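Taking it in order: structure first as structure tokens, then the write-up.
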Amino acid sequence: MVQPSLSKALWWILFAGDAGGLAVFLYLCCMWGPPPPGAWYLWPAITTPLAFISARRLRQHYREEAAAAPGRWQLSLSDLLVVSFFIGLLFAAFQAFWPARFVRSGVPASLLTGVAVIFGILVARRRGITDWMRYVFAVGHVLRLYGAIGVGGAATMVIVSLLVEGHPLHWLGRSGAAGVLLPGFLCLPLGHGMCYVARKSSLPE
């Protein structure tokens with residue numbers, strides 16, 4: 001019998017790999033257009049149903065958890081102001097360091113990150129983290145989400161390319177996937193650590 005925590009971890013790994021792989025495929029199609037007809041379309045054909053199945057299993061796992069969360073799904077005005085300020089900082093960073101990519105990449109990336117921060121704050125409040133540590137949890141949530149999708153997407157991209165085109169492992173560096181894998185590996189433990197600290201601070205002494 002598989003423990004619920006282990007089962008959730010396995011389904012999260014599958015979801016991150018498949019959802020990340022699908023996200024990378026869609027991003028590449030938006031940037032350079034869809035690939036020519038061929039085996040490359042096995043990529044979304046495989047990752048899409050697997051991401052859907054793993055998401056349904058994760059939803060079922062969380063519904064079956066016995067412990068009721070102490071908080072509520074709610075946001076305060078200060079939360080919305082903090083998120084707006086955070087998105088503004090991301091806009092400023094993109095405009096300062098990557099001005100040529102601001103409209104095409106900076107705006108959607110900043111807005112999506114802001115949505116992820118809002119979801120992180122909602123999860124923190126649901127878990128009873130109501131002080132400023134909820135923002136630590138929200139940022140940690142974004143980091144581990146990016147890390148999981150980045151690692152899973154880059155790994156899926158490498159595997160599919162090796163199967164379809166038969167490239168050796170040096171394709172990892174030539175394709176730019178290494179630039180996604182390395183930040184992902186760094187963000188995953190950092191995000192988990194921030195979420196752990198925020199959760200521990202909310203526990204009664």
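A short reminder: the numbers here are calculations on the coordinates, not readings from a lab. None of the values given here were measured: they were computed from a predicted structure. Neighbour counts run over all protein chains shown; Cβ positions are idealised from the backbone, glycine included.
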Most packed first (mean Cβ within 10 Å per residue), the peptides 121-132, 138-149 order as 138-149, 121-132
Label model pair ARG59, GLN74: point-to-point distance (7 angstrom along the Cα→beta-carbon line) in nm is 2.6
Once ILE46 and ARG101 are pulled to full extension, the length gained, defined as 0.36 nm per residue separation minus their Cα-Cα distance, is 16.7 nm
Distance in nm between TYR27 and LYS8 label points, each 7 Å along Cα→Cβ, equals 2.7
Rh_Kirkwood(the stretch 73-121) over Cα pairs, Å, one decimal, evaluates to 11.2
Compactness summary of the stretch 107-147: radius of gyration and Dmax from Cα atoms, Å, are 10.0, 32
